Number of protein chains: 4
Amino acid sequence: MPMESKVIVVRAERAPMAGVVDPGPHQIYRQPTVTIERRSLGALHPDEMRVEMICAGVCGSDTHVVQTNPETGYIRSSAPLRIPAAGRVIGHEGVGRVLAIGERVRHVKPGAYVTFESIIVCHYCDACRRGRFNQCRRARLLGLQKDGLFGTVVDVPSLLSHDVTALAGSEQGLRAAACLEPAGVAYVACQNTCVSGGDRLVIFGAGPIGLFAAMLSKMVFGAAEVHVVEPVPFRREFARRWSDRTYDVEEFFAAPPRAIDVVLEASGEMSNVSRVFRRLNANGRVALLARSGAALALDAVDHMITNQILLVGSRGHLGGAFASLLSLYGNGRFPLDAVVTGAVEGLEGLRDALRSPEQIVHEHCKLLARLPDAGPAER
Amino acid sequence: MPMESKVIVVRAERAPMAGVVDPGPHQIYRQPTVTIERRSLGALHPDEMRVEMICAGVCGSDTHVVQTNPETGYIRSSAPLRIPAAGRVIGHEGVGRVLAIGERVRHVKPGAYVTFESIIVCHYCDACRRGRFNQCRRARLLGLQKDGLFGTVVDVPSLLSHDVTALAGSEQGLRAAACLEPAGVAYVACQNTCVSGGDRLVIFGAGPIGLFAAMLSKMVFGAAEVHVVEPVPFRREFARRWSDRTYDVEEFFAAPPRAIDVVLEASGEMSNVSRVFRRLNANGRVALLARSGAALALDAVDHMITNQILLVGSRGHLGGAFASLLSLYGNGRFPLDAVVTGAVEGLEGLRDALRSPEQIVHEHCKLLARLPDAGPAER
Amino acid sequence: MPMESKVIVVRAERAPMAGVVDPGPHQIYRQPTVTIERRSLGALHPDEMRVEMICAGVCGSDTHVVQTNPETGYIRSSAPLRIPAAGRVIGHEGVGRVLAIGERVRHVKPGAYVTFESIIVCHYCDACRRGRFNQCRRARLLGLQKDGLFGTVVDVPSLLSHDVTALAGSEQGLRAAACLEPAGVAYVACQNTCVSGGDRLVIFGAGPIGLFAAMLSKMVFGAAEVHVVEPVPFRREFARRWSDRTYDVEEFFAAPPRAIDVVLEASGEMSNVSRVFRRLNANGRVALLARSGAALALDAVDHMITNQILLVGSRGHLGGAFASLLSLYGNGRFPLDAVVTGAVEGLEGLRDALRSPEQIVHEHCKLLARLPDAGPAER
Amino acid sequence: MPMESKVIVVRAERAPMAGVVDPGPHQIYRQPTVTIERRSLGALHPDEMRVEMICAGVCGSDTHVVQTNPETGYIRSSAPLRIPAAGRVIGHEGVGRVLAIGERVRHVKPGAYVTFESIIVCHYCDACRRGRFNQCRRARLLGLQKDGLFGTVVDVPSLLSHDVTALAGSEQGLRAAACLEPAGVAYVACQNTCVSGGDRLVIFGAGPIGLFAAMLSKMVFGAAEVHVVEPVPFRREFARRWSDRTYDVEEFFAAPPRAIDVVLEASGEMSNVSRVFRRLNANGRVALLARSGAALALDAVDHMITNQILLVGSRGHLGGAFASLLSLYGNGRFPLDAVVTGAVEGLEGLRDALRSPEQIVHEHCKLLARLPDAGPAER
């Protein structure tokens, strides 16, 4: 079933930084561009499904691919990313309807509405076999290492899918389904820091993941208090509803809450962690979520030892979070759509938004795109 | 500081059942009586505090001490219990104000309002040293193995206390503080069964512990659905507010929910567990909370093996539950007082209630007693 | 690449027991036969590998398929099993050399020596996504629900494979590799009961899994004492080397060790659990491993509650045990081959052994078959 | 029962470093001296026991109290420490015989041989109530914040004691008992990093704790490989027996083992952690054990996030390690005495050794002192 699709493609100049032994994407790619292009879809891979996209979400890692560091000229993203010569179709959050399935697909039916995990795992390495999928040794990231979801029709490995047909009857349900992936990232971070009954949390960064973490920590993991630190006024204000208190960065450090049990760092600003460390309670836990390429200085090592404080990296959304969140949403226990602050129309709207990435950060928490009518391709 | 107190005393005839090798209390004590008596308090023990009681809660194990089995004539309680010749002051839930402290007490101040743990642990056995206080090898239960809280002024080991002065300014706060102990039992049961995000629970028994478990599982542990099974109409109706659905026993088994993740057995009726077992999901968990002296028959052993189902006994409230609950209540996240359905006045009211134990079960969830003015003693 | 293979096939009469609503295999199949047959292997499935078997292990579940219950006439196996009209190729333990791989196989190379997991999981159900592969909702068991390993050349899903080329240079290494699957079952049982430093264990049943559990609990999980209970003299004697003490059943109950921390039930005799239960320590743990179709009676429920004793079903070997065991064996830390008590030659030897299943139990712990030269097929 | 005792006393000049807001001991005390003094023991505290010391162990934290930083002149110890005007009796490892018990002591009998925990906990703070004794909010360290064990007769809180009468019949048993405390520290570090079957460890520092960690990780926690990095030749050589490989620091970094699962930092040299971090496997774990007052620089933050690497402080020996170790030693499963490299005679020998602290580090792993005959006091 060959088909035409229109997709959002990122292209960039490949110019590895001189003298860096093992450069990351933020040391390889320069001058990113975002265009809408027409693609012809060939035969469907036996293990994939062909999906007509209905709704897509914009993640910070999408905007980091098209933002550049003013000092170096390289893109901001330090996440695993490969931009081939033909460009990369980005996007890894969204909902669509299954048009067709590959011959070996068993668990998905055409006509079903699905959302997606965004980490393609190997099921064979030691991490996978231990059920630690988020650390798969051969993981490929959808929209970064394999073409993603920003298109009218896309092909996706069927094992990534979760059936959300029950949610597809309403605009709210579609928005909820499109937000499952970032909510899952926040869920895993709460698990990795063992958030539990009565805890006091501080969250740095009120983007979608920070905000979901604020909501989940109280509504699902039993935290008693959540303090959110966010420099951008719009996001800080938006976070108020789900927090006990919100702060600008310096405002926070002028008077942090006492005896913090858990810190979730979702801002990429490592100095926040250095500065808050001495305020951690006995058996305190800190998760780092945001890859920024920056280093971390810990001068409170003795405090860390005496109090058995734990610091852990956290990435991914696999391991059961999607099913737990769907169960909670389905029972009216967690408002998955509450982080959405706006929606653009079609691939054009999405392309235009990606061409002004700063605006997304300053005027939105989660921005969605409604995709049914994508208009003409540009090349 | 010698003082007079009035207390509620249970006396019983000691007549061990013939032919039982190692009889439990329900095979030793007959013809229990409940009276109010005057006691003279001597010198305060160096490690104890003298407390003027303000409010006390009636637990099922209090009523089981004064109820008898119609077939055998022995009391119903199978919990550890020793009734000395001078009678036993029962009661292990409540709030009071500290009048004085023993010379070695450091962490409590006269004037403070306190509530109490009810398990006196040794801090020395292997279980204590591993932090598994609920299984202390030398545990003594307040109000069962040591004189308890049903009195105007009582002496209590200071390490049992939790400061609740912040809650003492309101009637609601006092009720909340008085309910901390049974809430803690439910909290430990949720921990022992690893209740977590999205779980579907079935709870047998909507007494205070079952009801707290229903509330906690959703509000603190992230459960998505809670089904409550309770034969007594008043309690079943009262549980509706905190459950997704309530059932009579046969009504439940006519149509149990599918794929149950967690069962909490707080009714003492073991056949409920036998009957529900095959409905447990993979990695399902079952906690037994209610000592009844009865045996359990499991005929779904193959199902248990294939699905790695876990069955665990659960007792006690120690290990951090009080602090977690106080943090949650203090932040408006958990209504500790919501299980209270009524209050009697003074020791007389409490004595009269204990003389009609069936009525408590059929007309109340948690019954409190307000204690400031206890009136004249009877002997 | 069409090929000829010779395989061991079990056939049986399909005669479901009257009046049983949902019969297990032990209520469906009668009159099992074991023969060697010639099979023509067709085109290789894209996700499978074609393996020349070198060595195979005989498991209790293999013998249970060909043993019958003298009272009912049905086979003993209550594990998931489907015997099609063309018979079932049994066997799920062994080592082979990869002859060819399907077109979609990436992680295995022809020429490699491999051993196998025996549970084919779906990677899609909730249990799989949570990493609880042993409870996959759509699991198919190799050699029971899909044709297995008892043949000269067999086709196996490539994701089941573990590379053991490093072990293939010696007879001892091949034996070790062939024993990875039952060792993994014992490993998972030790994990499920949280065997840890200083524990005292009792193991019922000194077949390969019970014996591996005895070895692993001390050599890998830190147990201090292991007591093994086994009625068959040969196995009891063989277990002595890896145990602190071995017992016949009644000998054990005449004087069980005090304060047992962990019980592993690998004998299928549920009364052992009923009888030992009161001897369990605080926070004691019991795993049931052996499906027998029998029920379990627990009359020590109050003891279970007071002491927070845990009872859990345990099945499977997935979740990382293979990799852990290979690392331990490779560093000389665990003698995977130590349970082997003998080897028969070829498919004929294996067939003959399977025709005398009682003899395997009474004269062996783990019996292997060396497979390179299988001789002529019988039909 | 007033008695005379001779004890080893450390005195120091109290001269807080100018301009440091909250100075640690290493910024307060200068010019430490070590002398033997005569003390008159008064009435025995009701909760303590009077113990005749038989054997004592020298810990790094003992030598750090009497060593000075050549640049600043202050003592090296950054652990909690208070040296009163009358000096501090140091020492927190050892074995003795109970001479008498306070009136409230229940669990210890005169005549018993005991060893000691060295953290006096409050049993009342939130950490204690959660069973996290090593993080007690009001912990006092024996020999640092309260007079310790280096004496002929000492008074010790009875709850610290563990009965080792079963070990006291042999010199080897006494040595084993004297080593329980440092072994417990290593045990807790293995727990905090979840050392498990098949892991590959790197341990920095082959003092008693590092060496015990090497032994425990393999013999009790199931590690497959242990690599030990130690700059001091004597200790490095001594560690060979219990390691797969030993290294000098630069030798190690020239070729660290691949895919490290666990790093235990017991050397106080933070740069080791910075340098080894990128070699950590997915789900790798790092524990920091040695307080040095130094800061830690982590530049592999992205690696930490992608691989969910965990870094945790670890201190203390409480929580069950003593009982587990005693059970293991008693069953011949762990040679607690194997770290002992020598013993000095009496308090004089001990005093002389403490006056040459560098020598202890360069010529010993664990140095003991035999104490029955302490000779005359000096003041």
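Got a number for residues in the stretch A:124-135 being touching a residue at least 12 places away in the same chain (Cβ under 8 Å) and touching a Phe, Trp or Tyr at 6+ places or on another chain (Cβ under 9 Å)?
Adding up the residues that qualify gives 1.
Taking the condition at pLDDT 95 or above, among the acidic types (Asp, Glu) and over 22 Å from the mean Cα position of the chain (by Cα), does C:Asp244 pass?
It is true that C:Asp244 is at pLDDT 95 or above, among the acidic types (Asp, Glu) and over 22 Å from the mean Cα position of the chain (by Cα).
Looking at (1) at pLDDT below 95; (2) open to solvent by 30 Å² or more (accessible area, probe 1.4 Å); (3) not small (Gly, Ala, Ser), which one does D:Pro256 not meet, given that it meets all the others?
All conditions pass for D:Pro256, except number (2).
Scan the stretch D:89-103 residue by residue and report those that are under 12 Å from D:Arg50 (Cβ atoms), of a type in the set (A, V, I, L, M, F, W, C) and surrounded by fewer than 22 Cβ atoms within 10 Å (Cβ to Cβ).
Once the filter is applied, which keeps residues that are under 12 Å from D:Arg50 (Cβ atoms), of a type in the set (A, V, I, L, M, F, W, C) and surrounded by fewer than 22 Cβ atoms within 10 Å (Cβ to Cβ), the stretch D:89-103 yields D:Leu99, D:Ala100.
I need the full set of residues from the stretch A:6-63 which are under 30 Å from A:Val339 (Cβ atoms), open to solvent by less than 60 Å² (accessible area, probe 1.4 Å) and among the acidic types (Asp, Glu), in order please.
Correct list: A:Glu37, A:Glu48, A:Asp62.
For the stretch B:217-231, which positions are at the interface with another protein chain (Cβ under 8 Å from one of its Cβ atoms), open to solvent by less than 10 Å² (accessible area, probe 1.4 Å) and without any contact (Cβ under 8 Å) to a residue 60 or more places away in the chain?
Passing the criteria: B:Gly222, B:Ala224.
Could you check the stretch D:21-44 and list, in sequence order, the residues that are in contact (Cβ under 8 Å) with a residue 12 or more places away in the chain and out of contact with any Ser or Thr (no Cβ under 9 Å at 6 or more places or on another chain)?
D:Ile28, D:Thr33, D:Val34, D:Thr35, D:Ile36, D:Glu37, D:Gly42, D:Ala43, D:Leu44
Take B:Glu250 and tell me if it is surrounded by fewer than 19 Cβ atoms within 10 Å (Cβ to Cβ) and more than 9 Å from every other protein chain (Cβ to nearest Cβ).
So B:Glu250 fits the description; yes.
From A:Pro110, A:Pro80, A:Pro84, grab the single residue that is more than 23 Å from the chain's Cα centre (by Cα) and either within 14 Å of another protein chain (Cβ to nearest Cβ) or within 30 Å of C:Pro46 (Cα to Cα) (or both).
On inspection, the qualifying residue turns out to be A:Pro110.
Does the stretch C:157-172 hold any residues that are away from chain A (no Cβ under 14 Å) and open to solvent by 10 Å² or more (accessible area, probe 1.4 Å), and which are they?
C:Thr165, C:Ala166, C:Leu167, C:Ala168, C:Gly169, C:Ser170, C:Glu171, C:Gln172
Does the stretch B:60-80 hold any residues that are among the hydroxyl-bearing types (Ser, Thr, Tyr) and more than 12 Å from B:Ser292 (Cα to Cα), and which are they?
B:Thr63, B:Thr68, B:Thr72, B:Tyr74
For the subset of the stretch B:274-305 comprising residues that are within 21 Å of the chain's Cα centre (by Cα) and open to solvent by less than 10 Å² (accessible area, probe 1.4 Å), which member is nearest to the other protein chains (Cβ to nearest Cβ)?
Here the answer is B:Leu288.
Name the pairs: first residue in the stretch A:150-175 and without any contact (Cβ under 8 Å) to a residue 60 or more places away in the chain, second residue surrounded by fewer than 20 Cβ atoms within 10 Å (Cβ to Cβ), Cβ to Cβ under 6 Å, at least 6 apart or on different chains?
Pairs that qualify, where the first residue is without any contact (Cβ under 8 Å) to a residue 60 or more places away in the chain and the partner is surrounded by fewer than 20 Cβ atoms within 10 Å (Cβ to Cβ), are A:Asp163/A:Ala112; A:Thr165/A:Ala112.
Since C:Ser327 meets every condition but one in (1) of a type in the set (S, T, N, Q); (2) within 30 Å of B:Val312 (Cα to Cα); (3) at pLDDT 95 or above, which condition does it not meet?
Just one mismatch for C:Ser327, condition (2).
Criterion first (open to solvent by 10 Å² or more (accessible area, probe 1.4 Å) and in contact with a Pro (Cβ under 8 Å, 6 or more places away or on another chain)) does D:Leu141 satisfy it?
Judged against the criteria, D:Leu141 is a match.
For the stretch D:282-298: of the residues being out of contact with any Ser or Thr (no Cβ under 7 Å at 6 or more places or on another chain) and part of a loop (DSSP other than H, G, I, E, B), which is nearest to D:Gly205 (Cα to Cα)?
Looking at residues that are out of contact with any Ser or Thr (no Cβ under 7 Å at 6 or more places or on another chain) and part of a loop (DSSP other than H, G, I, E, B), I get D:Ala294.
Report the residue count in the stretch D:244-280 for those that are touching a Lys or Arg at 6+ places or on another chain (Cβ under 9 Å) and part of a loop (DSSP other than H, G, I, E, B).
Selection size over the stretch D:244-280: 7.
Conditions first: (1) out of contact with any Lys or Arg (no Cβ under 9 Å at 6 or more places or on another chain); (2) aliphatic (A, V, I, L, M); (3) open to solvent by 10 Å² or more (accessible area, probe 1.4 Å). A:Ala239 passes all but one, so which condition is the exception?
Result: A:Ala239 fails condition (3) only.
Being farther than 30 Å from A:Ala127 by Cβ, in contact with an Asp or Glu (Cβ under 9 Å, 6 or more places away or on another chain) and open to solvent by 20 Å² or more (accessible area, probe 1.4 Å) is the filter here, so list the residues in the stretch C:306-342 that pass it.
C:Thr341
Need the failing condition index for D:Pro70 against (1) within 27 Å of D:Val185 (Cα to Cα); (2) open to solvent by 10 Å² or more (accessible area, probe 1.4 Å), just the number.
(1)
Which residue pairs have Cβ atoms closer than 9 Å, lie 6 or more positions apart in sequence or on different chains, and pair a first residue in the stretch A:198-216 that is within 12 Å of chain B (Cβ to nearest Cβ) with a second residue that is charged (D, E, K, R) and assigned to a helix (DSSP H, G or I)?
Filtered contacts from the stretch A:198-216: A:Leu201/A:Lys218.
Output the residues belonging to the stretch A:306-338 that are at the interface with chain B (Cβ under 7 Å from one of its Cβ atoms) and without any contact (Cβ under 8 Å) to a residue 60 or more places away in the chain.
Correct list: A:Ser327, A:Asn331.
Since B:Gln191 meets every condition but one in (1) part of a helix (DSSP H, G or I); (2) within 14 Å of chain A (Cβ to nearest Cβ); (3) surrounded by 22 or more Cβ atoms within 10 Å (Cβ to Cβ), which condition does it not meet?
Checking B:Gln191 against (1) part of a helix (DSSP H, G or I); (2) within 14 Å of chain A (Cβ to nearest Cβ); (3) surrounded by 22 or more Cβ atoms within 10 Å (Cβ to Cβ), the one that fails is (3).
Looking at (1) outside any helix (DSSP H, G or I); (2) open to solvent by 10 Å² or more (accessible area, probe 1.4 Å); (3) more than 11 Å from every other protein chain (Cβ to nearest Cβ), find the lone condition where A:Arg175 falls short.
Here A:Arg175 clears every test but (1).
The values are calculated or read from the model by the stated rules, or taken from the named source; none is laboratory data. Everything numeric here is computed off the predicted structure, so don't read it as measured data. Backbone-built Cβ (ideal geometry, glycine too); neighbour counts: all protein chains shown. Each accessible area value is taken on the protein alone, full model and side chains, heavy atoms only, with ligands, DNA and RNA left out. Shrake-Rupley method; radii C 1.70, N 1.55, O 1.52, S 1.80 Å.
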